[in-house]
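Below is one structure, written out as structure tokens; comments come after it.
The values are calculated or read from the model by the stated rules, or taken from the named source; none is laboratory data. Quick caveat: nothing in here was measured; it's all calculated off a predicted structure. No Cβ is skipped: glycine too gets one built from the backbone with ideal geometry, and neighbour counts run over all protein chains shown. The accessibility values were calculated without ligands, DNA or RNA, using every heavy atom of the protein model including side chains. Shrake-Rupley method; radii C 1.70, N 1.55, O 1.52, S 1.80 Å.
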Amino acid sequence: MYSLRCFLSRVGLFSKPGLLPWCARKPSDWSQPFWGTACKGNFSHGISKKCPRGQKSCEKPTYLGPLDGSWQERLADVVTPLWRLSYEEQLKVKFEAQKKILQRLESSLQMLNRVNGTITAPKSEGLCCLLHPVIPSPIINGYRNKSTFSVNQGPDGNPKTVGYYVGTWRDGNIVCVQPNHLKNIPQKHNQVAQYYEVFLRQSPMEPCLLFHEGGYWRELIVRTNNQGHTMAIIIFHPQELSQEELHIQKEAIKEFFIKGPGAVCDLTSLYFQECKMTRCSHQQSPYQLLFGESHIFEDLLGLKIRISPDAFFQINTAGAEMLYRTVGELSGVNSNTILLDICCGTGVIGLSLARHASQILGIELVEQAVEDARWTAAFNGITNCEFYTGRAETILPQLLKSKEDRQLIVAVVNPARAGLHYQVVQAIRNCRAIRTLVFVSCKPHGETTRNIIELCCPPNFAKKLLGEPFVLSRAVPVDLFPHTLHCELVLLFTR
């Protein structure tokens, strides 16, 4: 077992100033796998030139060795870098990381205070706000309800290996390692991945490793729920195949999982998507249901939630319940307030608080997720909600103008890692009816730091930040990702 203090020192929490372990400068003594590099040498790609349609690889793949413990440990160090620590020690690492974030933020806010006399909230331990202990995940192992598996050359040189990557594209040393040993992946996901690999190795069609080199079979996405239902999504590059040829491949994968060896996976549904880009939304390239149920359902906070193939849903269901309860407690919504749920996904935060608020307004970019939110509201008998599809920076300003003079608004934002668009921050800041803001961040640095400074800075006419500044008063870390360095941070702003 690693020494916790030694671990913290090695990732920079007790040594040189750094924001977080995963963005700190690489320590000279840290192992290469932790930083995403398998070894100093370069691995050759299994396919180096485009082959004729449907034929086997033109070059013999390079043999890199058997899938032994060393490869498994390398992958574990990349995907779950805290796996060697006890869970109590993991929570200490994450708490120290959150302190680092808030200390950095305190420095920025102090500069604003000295120059402009901005009001600040009560502090703890020299931080910009009160920092609560990390709320632990109720489930520590096998907690993921969604996993995305890649296809590429494995340690044995076979380009039809399904798993996770060790190495980097930049260094040209990518190796795909089967993730059977990873602590955060449930066995059902690994089972589907293993049988997808069986299918690929018996298929005459090549995998698509690099778009310009041809090939067809790509990623596998597996979604599961607490009832044991399983949705699998196959991503396929169609290249120049005709509709008839595509139909043959769809029937082959369908037959394999219904009547062939893959039937043991007992899939609830199988989807197929033709995608010529790194990632395609349902609008860009529709998910095609090959068999089974069109959606997967989950029970959460007393609601039955519908989840589409493309919809965002927190990957740790039990942890999500802790997260959403925390948001609800901090928000303080009541019958006199409107709850504004920005980047709402399938609408769970707003819908779970609907009985406490006068109205729920949700905004989400993904159309399928909005359809799920509306279905969930109707199924659960929730009538005081409206959901809007589109970009928040386009919808929010007009929506706030129509609601501002009616009653107080509590805003909840749960953006992607890129943070909030500037126009969203501007609209929230300039809306006098919003007195409370709950910010849920999965990457509480970078763009999120910029968002926080814009919310808390003095009025700035040049930037059109005219409203009264918010004050950051509380921060609550919630661990949805045991064995990894990631943690959700819930921030409460008031004014």
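Things to note:
- Spatial separation of Cα centroids for region 220-245 and region 138-155, in angstrom: 16 Å
- Scattering curve values for region 221-361, log₁₀ I(q)/I(0), Debye with Cα scatterers, q = 0.10 Å⁻¹: -0.46
- Cα pair distances exceeding 16 angstrom across region 118-217, given as percent: 67 percent
- Once both labels are positioned 7 Å from their Cα atoms along Cα-to-Cβ, the gap between T494 and E386 label points is 2.9 nm.
- Each of the peptides 217-223, 324-330, 339-345, 133-139 was scored by the mean count of other Cβ atoms within 10 Å over its residues; in descending order, highest first, they stand as 339-345, 217-223, 324-330, 133-139.
- Heavy-atom accessible surface of region 332-422: percent carbon and sulfur, 1.4 Å: 50 percent
- Counting only aspartates and glutamates at least 8 places from K259 when in the same chain, those with an alpha carbon closer than 18 Å to its own are E197, E251, E293.
- For region 171-187 versus region 408-459, the gap between their alpha-carbon centres in whole angstrom: 35 Å
- For region 287-339, the relative contact order comes to 21 percent (Cα pairs under 8 Å, sequence separation of at least 6).
- Entries of K443/K464; K146/K304; K254/K304 with Cα pairs more than 20 Å apart: K443/K464; K254/K304
- For region 183-285, the relative contact order comes to 25 percent (Cα pairs under 8 Å, sequence separation of at least 6).
- Where the Cα pairs of region 171-291 fall when distances are cut into 10 Å bins, in %: 12, 44, 36, 8, 0
- For region 432-480, the fraction of C-alpha pairs farther apart than 15 angstrom is 53 percent.
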